[in-house]
Protein chains: 2
Amino acid sequence: MDTITTELRDDILSGQFAPGDRLLEIQLAEQYNCGRAAVRSALVALTTEGLVEREENRGATVRRISITEAIQITQARSVLESLIAAQAAREATNEDHAELRVIIEQMRTAVGNDEGNDYSKLNALLHRRLREMSGHEIAAELVANLRNRAAHHQYRLAVMPGRSADSLEQHAAIVDAVVAGDEAAAARAMTTHLESVIEVLHRWGDANVR
Amino acid sequence: MDTITTELRDDILSGQFAPGDRLLEIQLAEQYNCGRAAVRSALVALTTEGLVEREENRGATVRRISITEAIQITQARSVLESLIAAQAAREATNEDHAELRVIIEQMRTAVGNDEGNDYSKLNALLHRRLREMSGHEIAAELVANLRNRAAHHQYRLAVMPGRSADSLEQHAAIVDAVVAGDEAAAARAMTTHLESVIEVLHRWGDANVR
DNA sequence: GTCTACAGGATTGTTAACATTCTGCCGTTC
DNA sequence: GAACGGCAGAATGTTAACAATCCTGTAGAC
C-alpha cells in the first residue's frame, strides 16, 4: 500500500514539515524506511492533492498557501459544505442527531475551559461526521482535500481571541437545523459559518499587506 | 515533465481507453515511448484525480463512474460553477462580454445545423472561459477535474434529442446575467442549468435500473 | 572589487534487473 | 466429476546503479 503517502500527508498537516520546507527523496526514504520509489509516488500523489509543489530537477517542497488562496479555498468549501449540510439534514438518523448534540456540548465545555486545542479537534470532528452523514462522497472528498490545503490558516483562527465563542454558536445553529431536518436552514447556517471564517481571513489579510 | 500524465489523461477522456480497460504499465510505456517509472507516476497522479483505479499487485484500470456518482459530481459542479458564474459576473471585462456573446451565437448555429459535436465543444469552451474569467483558481481547478470525471456521461447528454435547445437557452441566460454584471442572477442561471443536467441524469438512471 | 568560468557535490530523473504477487491451467486425488 | 495443490506465465513492486541537472563556492581575469 502507499501508506507512505498518508504518513507524509499527516506529517505535513501536523506541521512536522512546514510550508516551504524541502522534501528530499533520500532523506524521506530513510525517515520512513522505504525506497526512493515509494517516496516519489507519495510526492506525486500529494502534488496533485495540492499539498506539495514539485519543480523539474529541483525537487519538492511543502506548498505555501497565500491568504488570497486560503480565502478561495474557504469559498469553495462554503458552497460544498452547504451542499453537505443540506444532504445531512435529509439523511441523518436519530442516532446521528444525538451524536451531533453531544459534540456541540463537548465544544461548549471546551470553550468554557479555554481549551483551544480540544475545540479544534471537535470542530474537525463535527465537520467530518456531517460529511459522513450526508452520504455525498464526492463533496466529502473535495472538502476533506480543501481542509487539508488550508490547514495552516485554520490553525491561526483557532487561537484568535473571542473567535471560538462565535464559532460555537454558528456550529450549534448548523446542528439545530440538521436535527430539525431543515435542508435549507442547514445550508444557510453552514454558509453563514464559513462566510464568517472568510471574513476573519480577510481582516487578517488586510492587516498583513506588505 | 510528466507530459505522459497529460497524454494518458487525454487518451482516457477521448475514449481511447474505455472505463474498465486495464492499463498495463509495460504496454503504456511502449505506447508512449517512455520507461515504466514515468507511466507509474502518471497512474498515481490520475488515481488521485479520480480517473484511474489502482489495486495492490493487480494493476490499474480506467475508473467506472456510476450514474449516482455522476449525479453527485454534477451536484458538486453545480455549487462550484455557480460560485464561478457569480465571480465572472463581477470580474469579466467588456472584451470578455463580447467573446461570450460570440460563443452563444456559434452555439445557436450549431444547434440549428444539428451539429452535436460542435455544440459539445462550444459548451466546454464556454464553461472553461467562464472559469478563467472568474479568476477563482481553486474552484476552476476543482470543476475542471469534476468535468473530467464525468466526461463519459456528459457525452450521453449531448446526443439526447431536444436537449441542446434547452441547454442553449440556459447558457444564454447565464451569459446575459454575466454581461449584465448581476452576480446573483448568474449564479441562479448556472444552478438552473446544472439542475436540469442532474434531472436528465436522474431520468436516465431511473430508466436503467437493473 | 566585481564578474565570469569552471569544477565539485548534491539531488533528481531514468533505466534495468530482480523479487513478489496474482492468475489461470493442469494433473492428481478422492 | 469436483476439489485441491502446484506450477508456469504475466504483471506489479522494489532495489540499486547510472545519467543528467542544478546549485555552490572558488579561482582567475579585468
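Rounded to 0.05, the FRET efficiency of the A:Ala124 and B:Asp206 pair, given R0 = 51 Å and the Cβ-Cβ distance, is 0.85.
Label-to-label distance for A:Glu30 and B:Tyr32 is 3.2 nm, based on points extended 7 Å past Cα in the beta-carbon direction.
Each 5 Å bin from zero up to the one holding the largest Cα-Cα distance in chain B carries the following percent of pairs: 1, 7, 14, 17, 17, 15, 12, 9, 6, 2, 0, 0. Considering only alpha-carbon pairs that sit under 8 angstrom and 6 or more positions apart, the relative contact order computed for chain A is 26 percent.
In debye, nearest 20, what is the charge dipole magnitude of region A:83-187 about its Cα centre with +1 on Lys and Arg Cβ and -1 on Asp and Glu Cβ, if you could check? Mind showing how you got there, number by number?
On the way: 11 positive and 16 negative charges, 91 e Å.
In debye, rounded to 20, region A:83-187 gives about 440.
Taking the Kirkwood radius as Rh and the Cα radius of gyration as Rg, the protein assembly as shown has a ratio of Rg/Rh equal to 0.97.
Report, as an integer, the average count of C-beta atoms from other chains found within 10 Å of each Cβ along A:69-79. Write down the numbers at each step before the final one.
Details: counts 2, 1, 1, 9, 4, 1, 7, 12, 1, 2, 11.
Partner Cβ neighbours, averaged per residue: 5.
The phi torsions of region B:87-104, fed into the Karplus equation with coefficients 6.51, -1.76 and 1.60 and a -60° offset, translate into couplings of 5, 5, 4, 7, 9, 5, 8, 5, 4, 4, 4, 4, 4, 4, 5, 4, 4, 4 Hz, rounded to whole numbers, with Gly and Pro shown as x.
Candidates A:Gly135, A:Ala76, A:Ile65 compared by Cα position along the dipole of region A:59-210: farthest toward the positive end lies A:Ile65, with charges placed on Cβ.
A Cβ-based charge dipole, computed about the Cα centre of the protein assembly as shown with Lys and Arg at +1 and Asp and Glu at -1, lands at about 460 debye. Both radii were evaluated on the Cα set of region B:87-164; the Rg over Rh quotient, with Rh as the Kirkwood radius, amounts to 1.00. Per residue of B:130-137, other chain Cβ atoms within 10 Å of the residue Cβ number 1 on average. Using every pair of distinct Cα positions in region B:3-62, the Kirkwood expression returns a hydrodynamic radius of 11.2 angstrom. Under a 5 Å amide H cut-off, with hydrogens placed 1.01 Å from N, B:Leu23 pairs with B:Ala60, B:Thr61, B:Val62 among residues at least 5 apart or on other chains.
Rg over Rh for region A:58-114 works out to 1.19, using Cα positions for both radii and the Kirkwood form for Rh. Other protein chain C-beta atoms within 10 Å of residue C-beta, averaged over B:80-92: 2.
Since only A:Leu13, A:Ala92, B:Tyr119 are under comparison, the one whose Cα sits farthest along the positive direction of the charge dipole of the protein assembly as shown, derived from C-beta charges on Lys, Arg, Asp and Glu, is A:Leu13.
Since every read-out is calculated from the coordinates, none of them should be taken as a lab result. Treat the numbers as computed from the prediction; the structure is a model and nothing was measured. Positions of Cβ are generated from backbone atoms using ideal geometry, with glycine treated the same way; all protein chains shown enter the neighbour counts.
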